[in-house]
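Trainee: Please read through the structure below; I'll follow up with questions.
No lab work stands behind these numbers, since they all come straight from the coordinates. Fair warning: this is a prediction, and the values are worked out from it, not measured in the lab. Here the Cβ positions follow ideal geometry from the backbone for every residue, glycine too, while neighbour counts run over all protein chains shown.
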Amino acid sequence: MDQRILEFIGDLRRAEIRISPSEALDALAASAEVGLRDRETFKTALATTLIKEFRDLPTFDRLFDLYFLDLQALGEGLKKALGPEDPRIRDLLDRLMAEEGIEIDPLTELLLWGQGTEMELAIRRGGEHVGLERLMYFLQIGYFSRRIHDRFDWEAIERDLARLMQLLEARGLDPGRLARIRNYLDLRLEAFRRLIRQHVERELERRAFRQGEKLTREVLTDKPLFALTAEEVAQMKAVVARLARKIKDALALRQRQEEKGRLDSRRTVRKSLQYGGIPMELRFRRRHRDKPKLITICDVSDSVRNASRFMLQLVWSLQECFSRVRSYVFVSEIAEVTQAFNTYPVDKAIEWALRAAPVDYHCRSDFGYAFSRFCRTELESLDRKTTILVLGDARNNYNDPQAWAVTHMRERVKGIIWLNPEGQWGWGIGDSVMPLYAPHCDVVRECRTIGQLAQVVDNLVHHWWRRGR
């Protein structure tokens with residue numbers, strides 16, 4: 001069972017649920033304490049030790065059901081497959097074996113008296129070395145079922161059953177009763193074979209779930225944001241949350257390494273001279289870094305609304321990585337939406353920013369007017385620790401681009417990063433004024449997919465704010 005729990009934890013990790021080695025040990029200890037008698041108690045023990053965020057519970061529940069059967073339901077299914085029990089047949093076989101002193105194969109004994117749980121464990125042991133890790137397709141179920149089937153000594157079982165029937169016949173049982181006993185034994189054999197196939201089907205479902213989740217994330221991560229359907233947008237919220245979590249985990253690891261610092265060999269040697277070099281007291285060189293400030297300016301016109309949605313979600317999921325985060329949205333008029341994120345849950349705040357902020361969502365985009373308004377109202381609040389992150393396609397509808405505003409913003413801040421949800425082939429064509437803004441930006445990146453967005457934000461958190469002016 002410990003091995004099964006560790007396999008379960010491995011699949012949870014592959015589903016991007018963070019589980020540390022100490023939490024895995026806690027899960028093993030908790031499961032040993034509560035045991036397997038009560039499935040819900042066992043499930044609660046694992047969930048308590050392994051799951052830290054509510055959003056991970058559906059994945060946990062799904063994988064738990066694939067790994068740990070509802071043994072009560074399994075027993076009911078086995079009873080249904082066997083048909084009505086006949087206690088008289090079981091009593092007769094018990095007396096026969098006791099009186100004759102018959103020794104039978106352990107698997108024959110399992111078939112005669114075993115419960116669904118015991119049969120499942122025997123099948124699981126039989127499937128340990130048949131290559132189930134190569135199980136990928138529905139058409140392979142029959143092949144792997146046969147491989148597990150062949151690991152059992154069916155000839156020994158048939159010999160034991162034939163011997164029992166001969167002894168019963170020698171005792172003078174009438175043909176009708178003998179037929180009922182033989183039918184009872186055949187039903188148990190068939191039920192065992194059926195359990196083998198069901199075990200392989202569950203293993204395929206478990207692997208298909210893992211691969212399906214991974215494939216869905218990969219496909220959506222590389223799909224252009226403007227092409228996402230409403231259903232895919234809902235799925236992408238979970239994908240963005242996972243991306244943010246990975247970035248935060250990597251940053252936390254780096255920060256812990258920095259807190260320890262690098263070895264200072266000179267100070268170490270000087271400190272150790274008083275002991276003649278033994279023992280040696282290690283001294284480290286630590287460097288304090290202030291967290292940066294971040295301002296996001298998002299175009300929320302219809303053409304790039306999905307990109308703005310996910311950038312706001314990603315940045316706000318990472319806000320503890322910054323000393324301060326302020327967010328603005330615009331189409332033509334520009335409005336600050338920071339207060340909404342301080343008041344509402346993130347999902348509700350994003351919907352408010354995309355639909356209810358004090359801007360005209362139905363007018364034509366005017367980047368020049370939005371930037372000039374920002375300069376007139378917010379320029380004095382900018383400083384060298386601030387990075388401005390702009391998301392927009394720079395489609396200005398032939399209005400005045402007012403590039404001077406971007407120049408003034410750049411003079412006051414550490415840098416400007418521009419993410420454009422449109423492919424580079426379109427920059428400068430038609431009403432695109434991207435070539436006028438790009439020279440005043442430190443980083444300009446195409447950002448058509450969630451994968452590209454994640455790369456840019458990861459670079460911002462881990463590298464951009466760590467360098468000097």
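Trainee: Which order do Trp418, Trp425 fall in if you start with the one that has the fewest other Cβ atoms within 10 Å? Don't jump to the answer; show the numbers that get you there.
Mentor: On the way: Trp418 23, Trp425 8.
Lowest count first: Trp425, Trp418.
Trainee: Please work out the FRET efficiency for the pair Arg324 and Asp360, using the Cβ-Cβ distance as r and a Förster radius of 41 Å; give the result to the nearest 0.05. All intermediate terms of the calculation are to be shown ahead of the outcome.
Mentor: Working: r = 28 Å, r/R0 = 0.68.
Computed FRET efficiency for Arg324 and Asp360: 0.90.
Trainee: For the cross-link pairs Lys223/Lys248; Lys246/Lys348; Lys237/Lys414; Lys52/Lys348; Lys291/Lys385, which exceed 19 Å when the distance is taken from alpha carbon to alpha carbon? All intermediate terms of the calculation are to be shown ahead of the outcome.
Mentor: Numbers: Lys223/Lys248 24 Å; Lys246/Lys348 23 Å; Lys237/Lys414 30 Å; Lys52/Lys348 22 Å; Lys291/Lys385 8 Å.
Check vs 19 Å cut-off fails for Lys223/Lys248; Lys246/Lys348; Lys237/Lys414; Lys52/Lys348.
Trainee: Mind ranking 363-373, 98-108 by how tightly packed they are, going by the mean number of other C-beta atoms within 10 angstrom, highest first?
Mentor: 363-373, 98-108
Trainee: Which of the peptides 267-273, 278-284 is most tightly packed, and how do the rest follow, judged by the mean count of other Cβ atoms within 10 Å per residue?
Mentor: Numbers: 267-273: 12.7, 278-284: 11.0.
So the order, starting with the most tightly packed, is 267-273, 278-284.
Trainee: Let's test the formula: R0 of 30 Å, r as the Cβ-Cβ distance of Gln424 and Asn397. What FRET efficiency results, to the nearest 0.05?
Mentor: That pair, Gln424 with Asn397, gives E of 0.90.
Trainee: For region 316-469, what relative contact order do you get, as a whole percent, if you take Cα pairs closer than 8 Å and at least 6 residues apart?
Mentor: 18
Trainee: For Ile5, Ile334, which order do you get if you count the other beta carbons within 10 Å of each Cβ and list the fewest first?
Mentor: Ile5, Ile334
Trainee: For region 404-410, in order, what is each residue's ³J(HN,Hα) by Karplus, 6.51 cos²θ - 1.76 cosθ + 1.60 with θ = phi - 60°, in whole Hz (x at glycine and Pro)?
Mentor: Result, rounded to whole Hz: 4, 5, 5, 4, 5, 5, 5.
Trainee: Which order, highest average first, do 442-449, 407-414, 47-54 follow once you tally other Cβ atoms within 10 Å for each residue and take the mean per peptide?
Mentor: The most tightly packed comes first, giving 442-449, 407-414, 47-54.
Trainee: If neighbour count is taken as other Cβ atoms inside 10 Å, put Trp352, Trp154 in order from fewest to most.
Mentor: The most exposed by this proxy come first: Trp154, Trp352.
Trainee: From the phi of every residue in region 309-323, what ³J(HN,Hα) in whole Hz does the Karplus formula 6.51 cos²θ - 1.76 cosθ + 1.60 yield, where θ is phi - 60° and glycine or proline is x?
Mentor: Coupling constants for region 309-323: 4, 6, 5, 4, 5, 5, 5, 6, 6, 9, 5, 5, 7, 10, 6 Hz.
Trainee: Would you mind classifying region 273-409 by shape? Square roots of the alpha carbon gyration tensor eigenvalues, ordered a ≥ b ≥ c; an a/c under 1.5 is rounded, otherwise it is prolate if a/b is larger than b/c and oblate if not.
Mentor: prolate
Trainee: As an exercise, use a Förster radius of 56 Å and the Cβ-Cβ distance of Arg177 and Arg55 to find the FRET efficiency, rounded to the nearest 0.05.
Mentor: Computed FRET efficiency for Arg177 and Arg55 comes out at 0.40.
Trainee: Something else: Multiplying the sequence separation of Ala234 and Asp150 by 0.36 nm and subtracting their Cα-Cα distance, what value in nm do you get?
Mentor: Result for the pair: 25.6 nm of gain on full extension.
Trainee: Which cross-chain or sequence-distant (5 or more) residues have an amide H under 5 Å from the amide H of Val444, H modelled 1.01 Å from N in plane?
Mentor: Excluding prolines and chain starts, which carry no amide H, the hits are Trp418.
Trainee: Oh, and also: Where does the chain land at 222 nm, in deg cm²/dmol rounded to the nearest 500, when only DSSP H runs of n ≥ 4 count, each adding -39500 (n - 2.57), divided by all residues?
Mentor: -19000 deg cm²/dmol
Trainee: Related question: For region 182-196, in order, what is each residue's ³J(HN,Hα) by Karplus, 6.51 cos²θ - 1.76 cosθ + 1.60 with θ = phi - 60°, in whole Hz (x at glycine and Pro)?
Mentor: After applying 6.51 cos²θ - 1.76 cosθ + 1.60, I find 4, 5, 4, 5, 5, 4, 5, 4, 5, 5, 5, 5, 5, 5, 4 Hz.
Trainee: Here is a follow-up. Taking H as built 1.01 Å from N, whose amide H comes closer than 5 Å to the amide H of Arg283, not counting residues under 5 places away?
Mentor: Answer set, sorted by chain and number: Asp264, Thr268.
Trainee: To the nearest whole percent, what portion of all C-alpha pairs in the chain is separated by more than 37 angstrom?
Mentor: 51
Trainee: Further, regarding this structure: Could you pull out every residue, at least 5 positions away or on a different chain, whose amide H is within less than 5 Å of the one on Tyr328? Hs are placed 1.01 Å off N in the peptide plane, and Pro or chain starts have none.
Mentor: Long-range HN contacts for Tyr328: Thr296, Ile297, Cys298, Val337.
Trainee: Return the whole-Å distance between the Cα centroid of region 313-345 and the Cα centroid of region 367-383.
Mentor: Going from one Cα centre to the other spans 16 Å.
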